[in-house]
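Worksheet for the structure shown next.
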Amino acid sequence: MRRPVVGVIGNAYRVENRFQTQMVGERNLRAVTDVAGALPLMFAGSPEITDIGALLDVVDGIVLTGARANVHPTRFKTEPHERHEPYDIHRDDVALALTEACVARGVPIFGICRGLQEMNVAFGGSLHPEIREIPGRMNHRMPRLENGEIHPDPTVVFADRHDVHLTPGGTFASLLGCETIRVNSLHGQGILEPGRRVVIEGIAEDGTIEAIRIADAPSFALGVQWHAEYDPQRNPINRKLFEAFGAALKAHERAS
């Protein structure tokens, strides 16, 4: 029996600071196969070698993963600053166009961290390059040691750190069976103004937007600011999200 196929976007990455590559974190791939029950297929975040129409002809869904690079500020009419680098403008080209194409064609799409931000920008929304600089916001970045280095223990880095309050009766609350969840937090950039069709369904304790859906999308079109790919094999919240994404993939495959 054929498994659904999920396109997982690649990120620009230099090996030894010399060799240009495309990279996908393995946790994303394992979440797709272990929990969504699909075959992950990495595609390049490079517009000159990624034909979006051809890609959507052969996949049943798309995952826009988290990434080190920020969405380039010119995408939402803001001036770039070296403090907010690195950027991945080629991934921007692919991801923003791909988001609109998925929604238009009814292809399930799941945005995680940067992926949520891309979904917002694709529909005309804006981002703040450093959410922690807004008065009253917490630091959503990775925990660090006193010397400034990222904490070496991944269980500390990916630990749940704050609550998210979900819209009562909304898609996320219905899917997860509750109105308050606890999530990990590993980002600097975040949504400032939601785009058209972007419906806010989850907000952190400090007001940061953490969960969105695209209004009137014919299939699964959800985004989360936290790293749902981390341990969905055991984390019940993230498991339910990937299971729901998997169900949407199967529905799309049957309809194709």
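Structure notes:
- Across the chain, the mean sequence separation of Cα contacts (distance under 8 Å, 6 or more residues apart), normalised by length, yields a relative contact order of 22 percent.
- Segment Glu26..Ala54, full-extension length gain: 7.6 nm, with 0.36 nm per residue of separation and the alpha-carbon distance subtracted.
- Rounded to whole numbers, the Karplus 3J(HN,Hα) couplings from phi for the range 201-211 are 10, x, 10, 6, 4, 9, x, 6, 6, 10, 8 Hz, using 6.51 cos²θ - 1.76 cosθ + 1.60 with θ = phi - 60°, and x at Gly and Pro.
- Trypsin sites (Lys or Arg not before Pro) within the range 170-211: DSSP coil, no more than 14 neighbouring Cβ in 10 Å: Arg196
- Sparse-neighbour loop sites [GluC sites (Glu not before Pro); the range 87-165; at most 16 other C-beta within 10 Å; DSSP]: Glu146, Glu149
- Farthest toward positive dipole pole in the chain [+1 Lys/Arg, -1 Asp/Glu at C-beta], among Ser174, His252, Asn184: His252
- Classified by the C-alpha gyration tensor, the range 127-239 has an oblate form. Its axis ratio a/c, with a ≥ b ≥ c, is 1.5 or above, and a/b does not exceed b/c.
- The chain: calculated mean residue ellipticity at 222 nm from DSSP helix runs of at least 4, using -39500 (n - 2.57): -8500 deg cm²/dmol
- Among the GluC sites (Glu not before Pro) in the range 1-54, those located in a DSSP loop and surrounded by at most 10 other Cβ atoms within 10 Å of their own Cβ are Glu16, Glu48.
- The chain: C-alpha gyration tensor shape, a/c 1.5 cut-off, then a/b vs b/c: rounded
- Rounded, prolate or oblate (a/c below 1.5 giving rounded, otherwise prolate when a/b exceeds b/c) for the range 30-132 by Cα gyration tensor: prolate
- C-alpha center-to-center spacing [the range 52-68, the range 92-137] in angstrom: 14
- Per-residue ³J(HN,Hα) for the range 241-256, Karplus 6.51 cos²θ - 1.76 cosθ + 1.60, θ = phi - 60°, Hz, x for Gly and Pro: 5, 5, 5, 5, 4, x, 5, 5, 4, 5, 5, 5, 5, 5, 7, 6
- Accessible surface calculations at 1.4 Å, restricted to protein heavy atoms, place the chain at 46 Å² per residue.
- When only the Cβ of Lys, Arg, Asp and Glu is charged (+1, +1, -1, -1), the dipole of the range 80-216 relative to its Cα centre reaches about 260 debye.
- Highest average packing first - 217-229, 72-84, Cβ atoms within 10 Å: 217-229, 72-84
The values are calculated or read from the model by the stated rules, or taken from the named source; none is laboratory data. If you're wondering where the values come from, they're calculated on a predicted model, not measured in any experiment. A quick note on method: Cβ atoms are made from the backbone with ideal geometry, for glycine too, and the neighbour counts reach across all protein chains shown. Heads up: the accessible areas ignore ligands, DNA and RNA and are worked out on the full protein's heavy atoms, side chains in. Shrake-Rupley method; radii C 1.70, N 1.55, O 1.52, S 1.80 Å.
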